[in-house]
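The values are calculated or read from the model by the stated rules, or taken from the named source; none is laboratory data. Source: prediction; values computed, not measured. Here the Cβ positions follow ideal geometry from the backbone for every residue, glycine too, while neighbour counts run over all protein chains shown. Note: areas computed on protein heavy atoms with side chains; ligands, DNA, RNA excluded. Shrake-Rupley method; radii C 1.70, N 1.55, O 1.52, S 1.80 Å.
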Amino acid sequence: MESKVMKTKEGLILKKVSDEWVVVPVNADKVSFNGMLTLNETSAFLFANLEKGATEDQLVSATTNRYTVDEKTARSDIREFLDGLRKRGLLDE
């Protein structure tokens, strides 16, 4: 089964502010998200990968290569992260 490529919506930017990662809208016409989303380091890593476009399998592989985590845990955590982005309307699929 082929995984679909997902990408963050246009009009969002990931920035490091002090020692926190935040996502903020830069183009209100492209995204219906007001405010700011604070991310931890792992979530920021996933978001950065999604800015370029990635499948769930690619995210799992990148995460297990970078962090000490097994595939099952990584996939579960990534699905939870993706669901959060979907609920906020921040993901193109």
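Of all the residues in region 56-93, those that are among the charged types (D, E, K, R) and open to solvent by less than 80 Å² (accessible area, probe 1.4 Å) number 5.
Leu37 satisfies every condition listed in (1) open to solvent by 30 Å² or more (accessible area, probe 1.4 Å); (2) of a type in the set (A, V, I, L, M, F, W, C); (3) over 9 Å from the mean Cα position of the chain (by Cα) except (1). In region 1-19, the residues that are at positive phi form Cβ pairs under 9 Å with partners that are at pLDDT below 90 and among the acidic types (Asp, Glu), at six or more places apart or across chains, as follows: Gly11/Asp29. Checked against (1) at pLDDT 95 or above; (2) at positive phi, Gly89 passes all but condition (1).
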